[in-house]
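The values are calculated or read from the model by the stated rules, or taken from the named source; none is laboratory data. Computed from a prediction, not measured in an experiment: that's the story for all the values here. Glycine also receives a Cβ, built like all others from the backbone with ideal geometry; neighbour counts cover every protein chain displayed.
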Amino acid sequence: MFDLNGKRVWVAGHRGMVGQGILRALQKEGCADVLTVPRTELDLRDRAAVKAWIEANKPDIIFVAAARVGGILANDTYPSEFLFDNIEIETAIIRGAFEAGVERLVFLGSSCIYPKHAPQPMHEDALLTGPLEPTNEWYAIAKIAGIKMCQALKKQYGARYISVMPTNLYGPGDNFDLQSSHVIPALMRKAHEAKLTGADHMMLWGSGTPRREFMHVDDCASGILYAAKYYDEFEHLNIGVGEDVTIREVAEIVMDVVGYEGRLELDSSKPDGTPRKLMDASRLMALGWRPQIGLRDGLKSTYEWFVEHHTAVA
């Protein structure tokens, strides 16, 4: 076990949705010595600067939640940035942490690391067993590289560095920009704007048939902290809820939560992405962790947060 009490904790990427979730979870845990640094003060792609910052601030544990992220459109449009920026961030933090003698590190990956047609639910062993989904392979390859960095340091030097792979996340702090957001915030904003304008329909990309697993970010953060305390194996670790829904089903729940009564139309000219993504989180659950937030309740609280914080469109 790694006891977080009394430890100095750095949350890299603290302004992102997952980083904010980890900060809330650490506060609940009673961790008082938590470090953050804005990107205006530290470029996480700069290896020398990151190493110097770590050496100066001396964290005991680092949560690597920093990443360049986005949905299908963003991944497909900016493959170079998604590949290079993420590899540079991971290298700077993970190698810098090891060279500075940081005791513990938790690297956050993504469910997109698994092959497009991986057996469902996706077990950790499915990694590198088949081709990736082409629309986000750049991001996936960068995340796989982060996993292997942690494993290499563990194998060669015994570093207590682990990787966790969350499923699709949503919640407060999400990105609601239609050009770069993931499916739930995009649907929520579309439904909200359709409601405000009185539109008789809203568009859904693709066929609506792909199945996805969705987890509230606060559930994910609790799973990450649980893994930090109780998991110390070589293999990466999935974090999920164990249930999935179709994209059409989640769109209909979002419309209901938002209070939009128009019809849903499908744009079949747009890509579906991976047919199904459901995580096998049995390894983490066997350690005693369980998610607590149901999909409808989570979407309801997320919409309330969206309305409160996005006044320009609310």
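Observations
- Exactly one residue out of 88, 55 is in contact (Cβ under 8 Å) with a residue 40 or more places away in the chain, under 19 Å from residue 108 (Cβ atoms) and assigned to a helix (DSSP H, G or I), and it is 88.
- Against the numbered list (1) modelled with pLDDT of 95 or more; (2) crowded, with 22+ Cβ neighbours inside 10 Å; (3) not hydroxyl-bearing (Ser, Thr, Tyr), residue 277 comes up short only at (1).
- The range 103-122, residues that are over 30 Å from residue 244 (Cα atoms) and either out of contact with any Asp or Glu (no Cβ under 7 Å at 6 or more places or on another chain) or assigned to a helix (DSSP H, G or I) (or both): none
- Qualifying positions in the range 1-40 - touching a Phe, Trp or Tyr at 6+ places or on another chain (Cβ under 9 Å), assigned to a loop (DSSP other than H, G, I, E, B) and under 15 Å from residue 92 (Cα atoms): 13, 37
- Scanning the range 128-161 for residues that are among the small types (Gly, Ala, Ser) and either in a helix (DSSP H, G or I) or free of Cβ contacts under 8 Å to residues at least 60 places away in the same chain (or both) yields 130, 140, 142, 145, 146, 152, 158.
- Matching residues, the range 223-243, being touching a Ser or Thr at 6+ places or on another chain (Cβ under 9 Å) and buried (at least 20 other Cβ atoms within 10 Å of the Cβ): 236, 237, 238, 239, 240, 241
- Residue selected from the range 102-124 under the condition without any contact (Cβ under 8 Å) to a residue 24 or more places away in the chain and surrounded by fewer than 20 Cβ atoms within 10 Å (Cβ to Cβ), by the criterion farthest from the chain's Cα centre (by Cα): 119
- Residue match in the range 266-286 (condition: outside any strand (DSSP E or B), among the hydrophobic types (A, V, I, L, M, F, W, C) and without any contact (Cβ under 8 Å) to a residue 24 or more places away in the chain): yes
- Residues within the range 68-83 that are within 22 Å of residue 111 (Cβ to Cβ), part of a helix (DSSP H, G or I) and in contact (Cβ under 8 Å) with a residue 40 or more places away in the chain, tallied: 8
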